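In what follows, a single structure is set out as structure tokens and then discussed.
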Amino acid sequence: MNAAFSVVLPVFALIGLGWGSRRLKLFGPTAVGELNRFVVWLAQPALLFGITSTAKWSDYRPDFALAMGGALALTFALVLAANWKRLGGGDATVDALSASYANNGFLGIPLCLLVFGPMSLPYSGVSVILTACVLYSFGLIGMELAAAKGHGVSKAIGKAGWAVIRNPMIIAPALGAVVSTFGLQPPEGIKTLLGLLADAAIPCALVALGLFLADNVQGGITDFTWAPLTFAKLVIQPAIAWLIAGPILNAPPEVVHLAILLAMMPTGAGPFMLAQVYGRRGAVASQTILATTVLSIVTISLFLTFIR
């Protein structure tokens, strides 16, 4: 449990700093929106570019990618289908993303390094790409389709496609993949600039989450929508990863364990950022992030004890 807690603790500290800063009125009511825009348009794209531009695609195993991608996509689809009629497309998309968006960048990479060593880096790297690029695209498409409802199916699909193509969180990793594929090297000054922005992405996203919570959860949590989303994230998604990697693909044990562990990561800040941009269920997303982060200390610790 000490390993899991030592990695998760900074998450709570950054959220707490945001919450305390807002409660002490160090930041105004518009701070969360402005900080969130900084993350979405500058910091997070720089982080994703850095991951894909330095990727060694030959190190990626297809069985792991299928297991991780399948777990993300199936969890997203199950929760989306369960809530579509009741909530409508936009809010159902936030719930689906909250139940499937794994925090593999901030928690997955360091935890896998602690447990499995450097051999885990290609696996945690591809999990970040699948989550922050592919799964985020699903969420973006769902939001745009919901926003364009009533304007015709073809127009809605066109708007959703255009939103994905021009989104910096899709453009940046795509450019990074081109750089990696052709062995290009950006100038040192550009690399330094992108590195500075990338370092700010996760801390700023978590501080923005704390700012939001200070304004929206002051009276305590009375809506337990986060509970089934938390169950889907911490139980259903790892079970799907195990099913695909183990019984279906018969991957090596270390690949199965990595797929399960990365699928067990709590919900990252992506759903909250997207909910803020589109004015959707930010409270549900933020509560799910908190709940999954707290409970993952127990679930991850139990899993690590089991595989050892």
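The values are calculated or read from the model by the stated rules, or taken from the named source; none is laboratory data. A quick note: this is a predicted structure, and the numbers were derived from the prediction, not measured. Reconstructed Cβ throughout: ideal geometry from the backbone, glycine too, with neighbour counts over all protein chains shown.
Determine whether Phe272 is part of a helix (DSSP H, G or I) and under 12 Å from the mean Cα position of the chain (by Cα).
Details: part of a helix (DSSP H, G or I): yes; under 12 Å from the mean Cα position of the chain (by Cα): yes.
Judged against the criteria, Phe272 is a match.
Need the failing condition index for Pro45 against (1) touching a helix residue (DSSP H, G or I) at 6+ places or on another chain (Cβ under 6 Å); (2) surrounded by fewer than 24 Cβ atoms within 10 Å (Cβ to Cβ); (3) touching a residue at least 12 places away in the same chain (Cβ under 8 Å), just the number.
Of (1) touching a helix residue (DSSP H, G or I) at 6+ places or on another chain (Cβ under 6 Å); (2) surrounded by fewer than 24 Cβ atoms within 10 Å (Cβ to Cβ); (3) touching a residue at least 12 places away in the same chain (Cβ under 8 Å), only one is false for Pro45: (2).
Here's the yes/no breakdown for (1) polar (S, T, N, Q); (2) surrounded by fewer than 15 Cβ atoms within 10 Å (Cβ to Cβ); (3) at pLDDT below 85:
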residue	(1), (2), (3)
Ser127	yes, no, no
Leu130	no, no, no
Lys149	no, yes, yes
Val153	no, yes, yes
Leu175	no, no, no
Val178	no, yes, no
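Return the residue satisfying two criteria in turn: it lies in the range 53-86 and is at pLDDT below 80 and in a helix (DSSP H, G or I), and of such residues it is farthest from Leu229 (Cα to Cα).
Out of the qualifying residues, it is Ser58.
Quick check on this structure: which one of Ala99, Ala67, Ala81, Ala46 is over 21 Å from Met169 (Cβ atoms) and in contact with a Leu (Cβ under 7 Å, 6 or more places away or on another chain)? Full working, then the answer.
Details: Ala99 fails: over 21 Å from Met169 (Cβ atoms); Ala81 fails: in contact with a Leu (Cβ under 7 Å, 6 or more places away or on another chain); Ala46 fails: over 21 Å from Met169 (Cβ atoms).
Just a single option satisfies the conditions, and that option is Ala67.
Please give the number of the condition Ile171 fails out of (1) in contact (Cβ under 8 Å) with a residue 60 or more places away in the chain; (2) over 13 Å from Val40 (Cα atoms).
Every listed condition holds for Ile171 apart from (2).
List the residue pairs whose Cβ atoms are under 9 Å apart, where the first residue sits in the range 68-83 and is surrounded by 24 or more Cβ atoms within 10 Å (Cβ to Cβ), the second is outside any helix (DSSP H, G or I) and small (Gly, Ala, Ser), and the two are 6 or more positions apart or on different chains.
Here the result reads Met68/Ala102; Ala71/Ala102; Leu72/Ala102, each pair linking the range 68-83 to a residue that is outside any helix (DSSP H, G or I) and small (Gly, Ala, Ser).
I need a count of the residues in the range 186-202 that are of a type in the set (A, V, I, L, M) and surrounded by fewer than 14 Cβ atoms within 10 Å (Cβ to Cβ). Show your work before the answer.
Step one: list which residues in the range 186-202 are of a type in the set (A, V, I, L, M), which gives 190, 193-194, 196-198, 200-202.
Now restrict to residues that are surrounded by fewer than 14 Cβ atoms within 10 Å (Cβ to Cβ): 190, 193, 196.
Number satisfying all stated conditions: 3.
Quick check on my filter: what residues within the range 275-308 are hydroxyl-bearing (Ser, Thr, Tyr) and either more than 21 Å from Ala146 (Cβ to Cβ) or assigned to a loop (DSSP other than H, G, I, E, B) (or both)?
From the range 275-308, those hydroxyl-bearing (Ser, Thr, Tyr) are 278, 286, 288, 292-293, 296, 299, 301, 305; that's our starting set.
Within the range 275-308, Thr292, Thr293, Ser296, Thr299, Ser301, Thr305 qualify.
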